[in-house]
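*Asks:* Take a look at the following structure, please.
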């Protein structure tokens, strides 16, 4: 094989947790941007002594146009230091009768402290958080309470949850007959929409379903129950 004297590999680790396993930690689990606010802010805390290059952006490939600006988009975060990234709403129109979902991304790339003549391995840790735009017409102070209004149906080897509310309902857990349902990346149901989950256990037949939602601050709701 061909000899390579210098090797730099960047591995992207896609995390949905707000607390990255690397040195840079994010001070929230989700971002609620309420219409009319000037901005939303996200704090970044570098708990390592190593500096990091921080790149941040907002995205949603299902919604056309640019709706949010993140600043600074790229900066150096020194060891044992903190900084704040600000998110601004641009002029693009979004639905006024329901929430819209975006994602806030931050990639932290550690500065190399090794001799450049040696092979190195750089790990770029990407953290992805939900960024929810909430129209000012939605004035309920506890939208997580709408989790109790969800309805569930079972068909063959899958369950479908329907959301009659204008809010995104995010799940902490869903169980059928006390067995956990695998939520994967789609751990939410959109406003006025439904989401379907495949059941991964033969014991998940008709019976009791229970679910716990996540509130605006990352905490859990009451446990809700229904029958299939």
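*Asks:* Among the listed residues 193, 206, 226, 162, identify the single one that is over 26 Å from residue 29 (Cα atoms), at pLDDT 95 or above and surrounded by fewer than 18 Cβ atoms within 10 Å (Cβ to Cβ).
*Replies:* Selected residue: 226, the only one of 193, 206, 226, 162 that is over 26 Å from residue 29 (Cα atoms), at pLDDT 95 or above and surrounded by fewer than 18 Cβ atoms within 10 Å (Cβ to Cβ).
*Asks:* Separate question: Go through the stretch 36-70 and give me each residue that's over 15 Å from the mean Cα position of the chain (by Cα), loosely packed, with under 14 Cβ neighbours inside 10 Å and over 19 Å from residue 125 (Cα atoms).
*Replies:* 36, 37, 38, 39, 41, 62, 64, 65, 66
*Asks:* Does residue 209 satisfy being more than 30 Å from residue 54 (Cβ to Cβ) and touching a residue at least 40 places away in the same chain (Cβ under 8 Å)?
*Replies:* When the stated conditions are applied, residue 209 passes them.
*Asks:* Could you list, in sequence order, all residues of the stretch 165-190 that are in a loop (DSSP other than H, G, I, E, B) and either buried (at least 16 other Cβ atoms within 10 Å of the Cβ) or on the phi < 0 side of the Ramachandran plot (or both)?
*Replies:* 165, 166, 167, 168, 181, 182, 183, 185, 186, 187, 190
*Asks:* Of these, 127, 223, which one is outside any loop (DSSP other than H, G, I, E, B), over 29 Å from residue 37 (Cα atoms) and within 23 Å of the chain's Cα centre (by Cα)? Spell out how you get there, then give the answer.
*Replies:* Numbers: 127 fails: over 29 Å from residue 37 (Cα atoms).
Result of the check over 127, 223: 223.
*Asks:* If we scan the stretch 63-70, do we find a residue that is part of a loop (DSSP other than H, G, I, E, B) and in contact with a strand residue (DSSP E or B) (Cβ under 8 Å, 6 or more places away or on another chain)?
*Replies:* Looking for residues that are part of a loop (DSSP other than H, G, I, E, B) and in contact with a strand residue (DSSP E or B) (Cβ under 8 Å, 6 or more places away or on another chain), one finds at least one in the stretch 63-70, hence yes.
Residue by residue, here is whether (1) at pLDDT 95 or above; (2) part of a strand (DSSP E or B) holds:
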| site | (1), (2) |
| --- | --- |
| 20 | no, no |
| 25 | no, yes |
| 42 | yes, yes |
| 76 | yes, yes |
| 84 | yes, yes |
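*Asks:* Same structure again: Of the residues 101, 94, only one is in a strand (DSSP E or B) and outside the structural domain of residue 196 (by TED's automatic domain parsing); which?
*Replies:* Of 101, 94, the one residue that is in a strand (DSSP E or B) and outside the structural domain of residue 196 (by TED's automatic domain parsing) is 101.
The values are calculated or read from the model by the stated rules, or taken from the named source; none is laboratory data. Worth saying up front: this structure is predicted, and the values here are computed from it rather than measured. A quick note on method: Cβ atoms are made from the backbone with ideal geometry, for glycine too, and the neighbour counts reach across all protein chains shown.
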